[in-house]
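What follows is a set of notes on a single structure, which appears directly below.
A short reminder: the numbers here are calculations on the coordinates, not readings from a lab. As the structure is a computational prediction, the values presented were derived from the model and not from experiment. Cβ: placed from backbone, ideal geometry, glycine included. Neighbour counts: every protein chain shown.
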Amino acid sequence: MTNYKSLLKNINTFIFDYDGVLSDGSIITLDDGEAYRTTNVKDGYALQLAVKKGYRVAVISGAKADCMLNRLRSLQIRDIFLGVENKLVLFSSYLADNGLKAEQVLFMGDDIPDYEVMLNAGISTCPADAVEEIRKVANYISHAPGGKGCVRDVIEQVLKIQGKWMNDDGYHW
């Protein structure tokens, strides 16, 4: 089996699930039915940095809520697909529409609806608290759980391998 880290040099696209990956999977439901999710600031930093550095970033989620859309837009993510019933169909279409090869794509999912995409992505990753079936097919399991830094973990690894982490970001040590 190919070493996970050696595959990172080809990545130019990140695709993430939302609930359980960008959020911890908890949903606060108010009396009016509005559902809120919490996300991680460090994940957000890494997402906007990846966009800023020219990586394609997309989110494919079966869920759909205004708070999700607002959060992703605030991070300058343009490829947002919410309320998706069949993630593999959308994933395949997204690759074809953008001229991408599977080996250029890192996908992170955490539960059964992500399973088929995990099998088709160039690199499949998951949070530490992903379900067993997803953990079994992942090329990499983050040390961090969903909504607690797992997105930052994989983005940072790719940027470091490609020499783009803390490179021309205005940091001077």
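Highest first, please rank the peptides 48-56, 13-21 by the mean number of other Cβ atoms sitting within 10 Å of their residues.
Working: 48-56: 16.8, 13-21: 26.0.
Answer by packing, highest mean first, reads 13-21, 48-56.
Put simply, the amide H of S23, placed in the peptide plane, has neighbours under 5 Å in G147, leaving out anything fewer than 5 places away on its chain. For region 81-173, a Kirkwood hydrodynamic radius built from all Cα pairs, placed in the Stokes-Einstein relation at 4 °C and 1.567 mPa s, yields a translational diffusion coefficient of 91 µm²/s.
Remark: the I27-E133 segment gains 35.9 nm on full extension, using 0.36 nm per residue and subtracting the alpha carbon distance.
Exactly which GluC sites (Glu not before Pro) in region 38-138 are in a DSSP loop and have at most 16 other Cβ atoms within 10 Å? Write out the running numbers ahead of the final one.
On the way: sites: E85, E103, E116, E132, E133; in loops: E85.
Loop-located and lightly packed - E85.
Tell me, what is the percent relative contact order of region 1-109, built from C-alpha pairs under 8 Å that lie six or more residues apart? Dividing the mean separation by the residue count of region 1-109 yields 34 percent. Here the 3J(HN,Hα) profile of region 27-32, calculated from phi with Karplus coefficients 6.51, -1.76 and 1.60 at θ = phi - 60°, is 10, 9, 9, 8, 4, 7 Hz, Gly and Pro shown as x. What's the local net charge at Y36, with K and R +1, D and E -1, over the other residues with C-beta under 13 Å away? After counting each charged neighbour, the total is -4.
Here the 3J(HN,Hα) profile of region 37-42, calculated from phi with Karplus coefficients 6.51, -1.76 and 1.60 at θ = phi - 60°, is 10, 9, 10, 9, 4, 5 Hz, Gly and Pro shown as x. Based on DSSP H segments of at least four residues, each scored -39500 (n - 2.57), the chain has a per-residue ellipticity at 222 nm of -9500 deg cm²/dmol. The peptide list 118-124, 156-162, put in order of mean Cβ contacts within 10 Å with the highest first, becomes 118-124, 156-162. Each Lys or Arg adds one and each Asp or Glu takes one away; over the other residues whose Cβ falls under 10 Å from the Cβ of N10, this sums to +1.
Whole-Hz Karplus values for region 84-89 come out as 7, 7, 10, 5, 5, 4 Hz, taken residue by residue from phi with 6.51 cos²θ - 1.76 cosθ + 1.60 and θ = phi - 60°; glycine and proline positions read x.
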